[in-house]
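The values are calculated or read from the model by the stated rules, or taken from the named source; none is laboratory data. Quick caveat: nothing in here was measured; it's all calculated off a predicted structure. So basically every Cβ, Gly included, is an ideal-geometry build from the backbone, and we count neighbours across all protein chains shown.
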């Protein structure tokens, strides 16, 4: 604690210098995202349709409509609005993007650390920990994870197994929003074949396509009655999301992560919660599980917006995320199929 109190000014100065140093990369990131918003978000694109509309088992896809009611005045004032945005808002976007670019990765790494700590507690590895009745694992025999989530999953598995012997089998569904998908992926891998899940619902997941393939797909292979749902915003709505009265960079938090917080090294490292990322990765999915993977993007009408149309809306009660009909109109709950 004393060391932290004495060194914080140095870290503050270093962070401020980093923000300045990241101005140019942040400018390029903003220009790139703006270009993508105008050029690449053709929805659903011919490429998307072609990849999941071929003969054979395919994903169940529901593409929401985008309705933009552009008045004559909106069209007349379009150029002045763009110029005003560049003059008034872009400097704020640039400064905010620079700060996020400089400080975001550190925050992101801290979030990843917390995910890991939910399963393997830090005290398992800390020789300096001295707690009443606690013995550090000796490293000779296997030691079960001591994180809170690991303990919860262990108890949940026991409960489900007991319910089977009582002829009152408990079915477990997983629902996760944003970063919760990362925790859920780890949970699925931790329990392995010991616990099956009836439904796995990811709402704007902040995990990568790779993490989904490595965790959820094997779970679907093990249990042929389980289904997975990936819910996203309409890609154009997500790319143009406005926050903090327009002073923050445009786009959802997933756009920020890909754009300048943690740019993906490969396509497999892109955010699963963005419509085009998953649909352009269908060829990496086992054909045996594709019919049980449901992808839905929500519609948007700017004359009468209905949630979700922002990243944070997925956990809003108005979204009714706990109802199966909100996951996919053609879900297995209604016993219908769509190709």
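Observations on the model:
- Candidate set from the stretch 277-305 (those that are over 20 Å from residue 213 (Cα atoms) and in contact with a strand residue (DSSP E or B) (Cβ under 8 Å, 6 or more places away or on another chain)); member that is surrounded by the most Cβ atoms within 10 Å (Cβ to Cβ): 298
- Some residue of the stretch 163-184 being closer than 30 Å to residue 283 by Cβ, part of a strand (DSSP E or B), in contact (Cβ under 8 Å) with a residue 40 or more places away in the chain and touching a strand residue (DSSP E or B) at 6+ places or on another chain (Cβ under 7 Å): yes
- All conditions but one from (1) within 28 Å of residue 197 (Cα to Cα); (2) modelled with pLDDT under 85 apply to residue 302; the one that does not is (1).
- Only a single item in (1) buried (at least 21 other Cβ atoms within 10 Å of the Cβ); (2) touching a strand residue (DSSP E or B) at 6+ places or on another chain (Cβ under 7 Å); (3) at pLDDT 85 or above is not met by residue 269, and it is number (1).
- Out of 153, 112, 159, sole residue that is touching a residue at least 40 places away in the same chain (Cβ under 8 Å), out of contact with any helix residue (DSSP H, G or I) (no Cβ under 7 Å at 6 or more places or on another chain) and not in a loop (DSSP other than H, G, I, E, B): 112
- Among the residues making up the stretch 193-210, a single one is within 14 Å of residue 226 (Cβ to Cβ) and assigned to a helix (DSSP H, G or I): 193.
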